[in-house]
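First comes the structure, then the notes that go with it.
The values are calculated or read from the model by the stated rules, or taken from the named source; none is laboratory data. All values derive from a computational prediction rather than experimental measurement. Please note: Cβ atoms are built from the backbone with ideal geometry, for glycine as well, and neighbour counts cover all protein chains shown. For accessibility, only protein heavy atoms count, side chains too; no ligands or nucleic acids. Shrake-Rupley method; radii C 1.70, N 1.55, O 1.52, S 1.80 Å.
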Amino acid sequence: MSINLFVKTGKKKKGELAEVLHYDLYGDRAFKYDFLWEHSLATVGFTALGLSAPQYFFVQKDLNGLKRYSEGFAVHELYPVNSVGIVTARDHFVTDSCKPDLERRVQEFFSSEREELIKKYELKENSSWKIDKVRQVANGYSPDFIQMISYRPFDNRFLYYDPLFIERSRKEVMTHFLKGENIGLMTCRQSVVETWEHIGLTKNIADDSRISNRTKERGYIFPLYLYPESGNQITTDGQQQRTPNLNRDIVNQIATTLGLTFTPEKEETAGTFAPLDLLDYIYAVLHSPSYREKYKEFLKIDFPRVPYPKDQQTFWQLVALGSELRQLHLLESPTVDQRLTSYPVSGDNIVGKLNYQDGKVHINETQYFDGVPSAAWEFYIGGYQPAQKWLKDRKGRELSFEDVRHYQRIIVALTQTERIMGEIDRVGVE
């Protein structure tokens, strides 16, 4: 809540900005009432804000370092084709961790009575989505619409990706993940919390809450490659032709500075760098704890900016560390199969009330994962603590053997991430 007072003095010159004074008061309601009773405008210790373009903040901000930060390139400038992630407006119906359950629900949609569907699946109609209208236009259930979606950190699910069922399909961008192999950087345009951890990767189409489900923290996806609309351009090895989704001016500046040659696909040729190398460099920089802390005020207000690499040695060191992070977060690194944790007690494997104590993550009264570092349990990616979120989303469900192994891989990935973040800082981002 805020109290705003506007005073017109008649003394402001034409074109001159108004003076803005700010005071922040934190506490419960009674404390604030007492403060207001005991003070007048003359005795409140207001701070004059130094207003500057383009944001014109109405709160006190530490703007030291803004010039240096602004010299970097913004991710949305580097990846010109991008969009917010998918919004289904009915996740509980069109997404599922179990493919047969999703298939059954959609098939029922075309065979059951409207009132039965509304009651059974709590489907809500609106002005743009009517059950009967969808059934009139659609050609029934099709397995071709079943796709994998990056739903939450380390949590891929099945989605019935028929635009008739999806509120905002973002098809113009998501199609580049459906036509061939791809990888996308994910981040938010702004964040509302003190710290910044809003970065991730996906190889699938992605939900707009993949990074965070907080208000204003919508997740944007930046595909690394673009596939042609026609789908007819084929390379000599039988793969569909694709082109980097990169701003060539920025790429050329990096190539010139580093003395390297840019190639559209990864090569082993000395003196070259590819789109994936650039992605890994960015991923490393944005996992630097010191970079996040130093520029947290700026990272929170717009798409993150990344410094241009200054020399080959530092660039390749950061690329290597970013590559490690990428493979860990996509669970593609052999490292995630290490047995860091155990699951020693047999039982029904049903997730109930969670409790963490002394390295043990209790999923119910008798069963637990042992050897979970507190750093992994508390680790944040965007708006989520994945080690907690993944289990909470499965409350009441029975964990399969693969579920147990998947969770153990998550813990390894989070533990290794903390180590690599420290190494990134030792290399130095700037």
Checklist entry - How are the C-alpha pair distances of the chain spread across 20 Å bins, as whole percents from the shortest bin up? => result 21, 48, 28, 3
Item to check | Lys pairs, the stretch 96-250 - Cα-Cα below 22 angstrom, 8 or more residues apart or on other chains | outcome: 15
Checklist outcome for this item: With Cα springs under 10 Å, the Gaussian network model of the chain assigns the largest mean-square fluctuation among Gly85, Gly382, Gly359 to Gly359
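Please identify the DSSP H helices in the chain that span no less than 30 Å along the helix axis (Cα) and have a mean Kyte-Doolittle hydropathy of -0.5 or more. Kindly include the intermediate steps, with their values, before the conclusion.
Details: long enough: 401-427 (39 Å, -0.29).
Helices meeting the criterion: 401-427.
Kindly work out what percent of the DSSP beta bridges joining two residues of the chain are antiparallel, to the nearest 5.
Working: 37 of 42 bridges.
Around 90 percent of the beta bridges assigned by DSSP in the chain are antiparallel ones.
Take the Cα atoms of the stretch 109-254, build their convex hull, and give its volume per residue in Å³.
On the way: hull volume 26.0 nm³, N = 146.
Roughly 178 Å³ of hull volume per residue.
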Item to check | Sequence-distant aspartates and glutamates (8 or more away, or on other chains) whose Cα lies within less than 12 Å of Lys300 | outcome: Glu194, Glu197, Glu217
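Find the accessible area per residue for the chain; the probe is 1.4 Å, ligands and nucleic acids are left out, and the unit is Å². Walk me through the numbers on the way to the answer.
Numbers: 22980 Å² over 430 residues.
That works out to 53 Å² for each residue.
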Checklist entry - Hey, what number do you get for the chain at 222 nm if only DSSP H runs of n ≥ 4 count, each worth -39500 (n - 2.57), divided across all residues, to the nearest 500? => result -10000 deg cm²/dmol
Item to check | Distance-filtered residues of the stretch 387-426 - backbone nitrogen under 13 Å, label point 7 angstrom along Tyr356 Cα→Cβ | outcome: 387-392, 411-412, 414-415
Checklist entry - About its Cα centre, how strong a charge dipole does the chain have in debye, to the nearest 20, once Lys and Arg get +1 and Asp and Glu get -1 at the Cβ? => result 1280 debye
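Ignoring ligands, DNA and RNA, what percent of the accessible area of the chain is carbon or sulfur (1.4 Å)? Display every interim value, and only then the final one.
Details: 11180 of 22980 Å².
Here it works out to 49 percent.
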Item to check | Lys266 versus Lys32: modelled label distance in nm, points set 7 Å from Cα along the beta carbon direction | outcome: 5.2 nm
